Each structure stands twice: as structure tokens, then as C-alpha cells.
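What follows is a short report on a single structure.
The values are calculated or read from the model by the stated rules, or taken from the named source; none is laboratory data. This is a predicted model, so every value here is computed, not measured. Neighbour counts run over all protein chains shown; Cβ positions are idealised from the backbone, glycine included.
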Amino acid sequence: MEELLRRLALNDEKSVGMVLMSGSSPGGGMALVPKVDLLVRLGALVAVGAATASLRRTVQLALAAGASEAEIVGVLVAVAPTVGLARVVATAPKLATAIGYDTETDE
């Protein structure tokens, strides 16, 4: 892992390309189990304000990898202190739609 960080810090084209294309290290090993990897990716999507379609695809993959809906919503809660209230409020309905919740109903 130290070598990977060194290569990425040096902007090694091959290493950067492999990480961006596959989400794994150039040695072929993933450092995270698939469910955790997808939850982390979901957190990154929340942080950048991704579109509903991107959230939906990652949610589907996370659910297929064994994540629960509570864990998916937990990602939003976990990143809230870092991304801020505005991002959380803007992303919550997108994430709800991605999960399949109806946010338009009155209670």
C-alpha cells in the first residue's frame, strides 16, 4: 500500500489509470470488501452532489453486496458533519428516490 500511495502521489499514469478504472490497487487486490467499498463510494457521491441516477446505481450495487437500507442512509448521516447541512438536505430526497422511497407523500 505504501508503494501505491507513492505512485499516486507522483501521478504515475499507469497506477492512476488502474485505480480510476477499477477502483482497486494495481496489484489487483481490493483493500475493502465490496459492501464497504460501495458505501464509501456512496459517501463520495454524496460529497460531490451526484445526480440521482449515480446514487441509484451505487445504491443498487450496495444492496446487492449486502448493505442494508439503514446502512445506506447511515452513510448520509456519517458524512453530514463534513459535507454540511445544505448538501445533506439537497441529497436526502435524491438518496430516498435511489432507495425507492416515496418522498412526496404527506404524513
Hey, among the residues in the stretch 70-87 that are touching a residue at least 12 places away in the same chain (Cβ under 8 Å) and over 14 Å from the mean Cα position of the chain (by Cα), which one's farthest from V48 (Cα to Cα)?
T82
Do you know which residues across the stretch 9-38 are over 15 Å from the mean Cα position of the chain (by Cα), assigned to a helix (DSSP H, G or I), at pLDDT 85 or above and hydrophobic (A, V, I, L, M, F, W, C)?
A9
